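Report on the following structure.
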Amino acid sequence: MSGEVHRSGAVIAEFGDAQIEDGRRPEPVTAAKIDLIYSLMRTQRMLSSQLSRAFTPYGVSWAGYEIMQVLIRFDRRPISILALARHLERHWTSIAHTLNGLERAGHVIRYQNPAYWREKLVELTDSGHETWAHMCEALAETAALCSPDDHTAPDLLAGLSAFESELRHLG
């Protein structure tokens, strides 16, 4: 293992003839790639903090907003907790934990599926619909304050989409 050492302590080099599961050879680790990951993680934390502040008046977290957004798409049709978990790529227990808070706030209701007793269904209440609309306004205001301009955004989105696609291939 030879190569330069990045300020993070990671060795910047190729590691022999290593292959990813699908047979491709990994790209060499470069300082730019390490800096990209660091910057993405830092940006994610800062954005998450901004959104948490924007959603605080409604008593809903980002995770709650994501669940509410999926429920909005179902247009007042119930969805199972497992289907929510699959859609959001989260463990069902995390979804259930977030639903507890949403249910206490009156934004969702959960009930037994009449066709299958082992399954719980979830749907948004009228209060949930109203809160979601207010949260969308808060999200739009936050996005307007911290988003790149209209010329930069498409390139940034394309790059992030490619990065996300590569990550999906890894795991």
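What to note about this one:
- A search for C-beta distances below 6 Å between a residue of the range 144-171 that is closer than 17 Å to residue 36 by Cβ and touching a residue at least 24 places away in the same chain (Cβ under 8 Å) and any residue that is surrounded by fewer than 11 Cβ atoms within 10 Å (Cβ to Cβ) and of a type in the set (A, V, I, L, M), counting only pairs 6+ apart in sequence or on different chains, returns nothing.
- Filtered by the rule that a residue be touching an Asp or Glu at 6+ places or on another chain (Cβ under 7 Å) and closer than 12 Å to residue 127 by Cβ, the range 96-116 gives 108, 109.
- Meets criteria (touching a residue at least 60 places away in the same chain (Cβ under 8 Å), under 30 Å from residue 166 (Cα atoms) and part of a helix (DSSP H, G or I)) for residue 37: no
- Being in a helix (DSSP H, G or I) and in contact with a Gly (Cβ under 6 Å, 6 or more places away or on another chain) is a property that residue 161 lacks.
- Selection from the range 106-123 of residues that are of a type in the set (Gly, Ala, Ser) and open to solvent by 50 Å² or more (accessible area, probe 1.4 Å): 115
- Count - residues of the range 79-105 that are open to solvent by 50 Å² or more (accessible area, probe 1.4 Å) and under 20 Å from the mean Cα position of the chain (by Cα): 11
- Screening the range 124-171 for residues that are of a type in the set (Gly, Ala, Ser) and more than 18 Å from the chain's Cα centre (by Cα) and picking the one that is surrounded by the most Cβ atoms within 10 Å (Cβ to Cβ) gives 128.
- With respect to the conditions (1) aromatic (Phe, Trp, Tyr); (2) at pLDDT 90 or above; (3) farther than 25 Å from residue 134 by Cα, residue 65 falls short on a single one, namely (3).
- Unmet requirement for residue 148, which otherwise passes all of (1) touching a helix residue (DSSP H, G or I) at 6+ places or on another chain (Cβ under 6 Å); (2) assigned to a helix (DSSP H, G or I): (2)
- Restricting the range 55-78 to residues that are open to solvent by less than 20 Å² (accessible area, probe 1.4 Å) and either in contact with a strand residue (DSSP E or B) (Cβ under 6 Å, 6 or more places away or on another chain) or part of a helix (DSSP H, G or I) (or both), the residue that is nearest to residue 101 (Cα to Cα): 64
The values are calculated or read from the model by the stated rules, or taken from the named source; none is laboratory data. Given the structure is predicted, the values throughout are model-derived calculations rather than measurements. In this analysis, Cβ positions are derived from the backbone assuming ideal geometry, glycine residues included, and neighbour counts consider all displayed protein chains. Side chains are part of the model used for accessible areas, which takes the heavy atoms of the whole protein and leaves out ligands, DNA and RNA. Shrake-Rupley method; radii C 1.70, N 1.55, O 1.52, S 1.80 Å.
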